Amino acid sequence: MSEATELSPPDWDEVRDTLQRIRTETAKVIIGQDEVVEELLTCILCNGHSLLVGVPGLAKTLLVNTLGRVLGLSFHRIQFTPDLMPTDILGSEILQTGSDGVRREFEFAPGPVFANLILADEINRTPPKTQAALLEAMQEKQVTVSGRTLPLPHPFIVFATQNPIEQEGTYPLPEAQLDRFLYSLHVEYPERAEEKEIVRATLGGDLPVAEPMLDETGLARLQEAVLQAPVPEQVLDLIINLVHATRPDSENADEHVKKYVAWGAGPRASQNIARAARALALIRGKSAASPEEVRAVAHPVLRHRVIPNYNAVGENVKVDDIIDTLLDRVD
């Protein structure tokens, strides 16, 4: 039996230089939103999906499209509506005339889900069966149509948006499906100076266009580097202590959690914090995760996994407030 070959260690200087060039190229098009760009790039390096919660007009589509272009990924946007069916996103078999002009045969027509980067716009506006079709594709990296199982491109990453203003006629994602997202991000309004720069940049006729910096192979090398970035023992202990402290029945939970939390985060949260902390460390020019990165990724990883109880709702205690308290307390 042949021995397993060990992966050669990455050139960390090259990894840091590549990531810096990606951020610089993205900034040519996206003004401000540095934190969101950093968070989305973290998701892509972890090959993970993300929810984007923000009001319309904050350039979410432009942001995702630009990142896809810079990274050399194919990009599709799907507008979710109440009448959208699973076959509208997965694809379907269409009866076609054969080459002899007489014989009929079914031919599969791929849906928009067959791309590296998907923007699922307003995912909570479509019925559960269509949501489930996309979420299954996110989990399994494949789709099943008419008994045929077809693999999706690699990488396959979904960024799904939700509008926090209008909730009438929507279908909220259940917690079990929310757990499939690595991140839940809040996209905020730009600062005054940034908004002025945005307006100035769009007064002219030609808008800047980002140039591709990578291809699928180059991105795969960066994702492999993330898997090899070390997580020191004390950082791992911090992650475990933090996630355990979210669970009301844990010995690590304090009175604040026991009063305001119905359900805490599961082991997937610990795994995702470790993955995201490593990726963020590389983006920030480091070669190993530190407590600083753990604290930076805690909110987007835990925000949709910590479920407040009726006490929190009655006293207007938000999930971000609970996470802030945990970060202040956990060592």
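The values are calculated or read from the model by the stated rules, or taken from the named source; none is laboratory data. Fair warning: this is a prediction, and the values are worked out from it, not measured in the lab. FYI the Cβ positions are ideal-geometry reconstructions off the backbone, even for glycines, and counts take in every protein chain you see.
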statement: All conditions in (1) farther than 23 Å from Leu41 by Cα; (2) buried (at least 20 other Cβ atoms within 10 Å of the Cβ) are true of Ala137 except (1)
- request: Would you mind stating whether Leu90 is in the same structural domain as His154 (by TED's automatic domain parsing) and at pLDDT 80 or above?
  value: no
- line: Turns out the helices (runs of 4 or more DSSP H) fully within segment 228-331 with at least 3 residues that are among the charged types (D, E, K, R) and under 22 Å from Leu19 (Cβ atoms) are 291-302
- request: Can you give me the number of residues within segment 272-331 that are among the acidic types (Asp, Glu) and over 19 Å from Ala245 (Cβ atoms)?
  value: 1
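Residues are listed down the side, and each one gets a yes or a no for (1) hydroxyl-bearing (Ser, Thr, Tyr); (2) modelled with pLDDT of 85 or more; (3) not in a helix (DSSP H, G or I):
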site	(1), (2), (3)
Thr18	yes, yes, no
Val29	no, yes, yes
Val37	no, yes, no
Ile44	no, yes, no
Gly48	no, yes, yes
- prompt: Out of (1) part of a loop (DSSP other than H, G, I, E, B); (2) touching an Asp or Glu at 6+ places or on another chain (Cβ under 8 Å), the odd one out for Leu185 is which?
  reply: (1)
- prompt: Which pairs do you get when a residue that is farther than 18 Å from Ala289 by Cα and hydrophobic (A, V, I, L, M, F, W, C), found in segment 1-19, comes within reach of a residue that is modelled with pLDDT of 80 or more and surrounded by 12 or more Cβ atoms within 10 Å (Cβ to Cβ), reach meaning Cβ atoms under 9 angstrom, with the pair 6+ apart or on two chains?
  reply: Leu7/Glu224; Leu7/Leu227; Leu7/Gln228
task: Can you confirm whether segment 142-160 contains a residue that is more than 27 Å from Arg69 (Cβ to Cβ), in contact (Cβ under 8 Å) with a residue 40 or more places away in the chain, of a type in the set (Lys, Arg) and out of contact with any Cys (no Cβ under 8 Å at 6 or more places or on another chain)?
output: yes
statement: Going through segment 210-256 in order, the residues found to be of a type in the set (Lys, Arg) and not assigned by TED's automatic domain parsing to the domain that holds Asp13 are Arg247
task: Would you check if Ala262 is free of Cβ contacts under 8 Å to residues at least 60 places away in the same chain, more than 21 Å from Leu185 (Cβ to Cβ) and not basic (Lys, Arg)?
output: yes
task: Would you please name the residue that is surrounded by the fewest Cβ atoms within 10 Å (Cβ to Cβ), looking only at residues in segment 190-212 that are in contact with a Gly (Cβ under 9 Å, 6 or more places away or on another chain) and in a loop (DSSP other than H, G, I, E, B)?
output: Glu191
message: Conditions first: (1) modelled with pLDDT under 85; (2) assigned to a helix (DSSP H, G or I); (3) under 28 Å from Phe114 (Cα atoms). Thr170 passes all but one, so which condition is the exception?
response: (2)
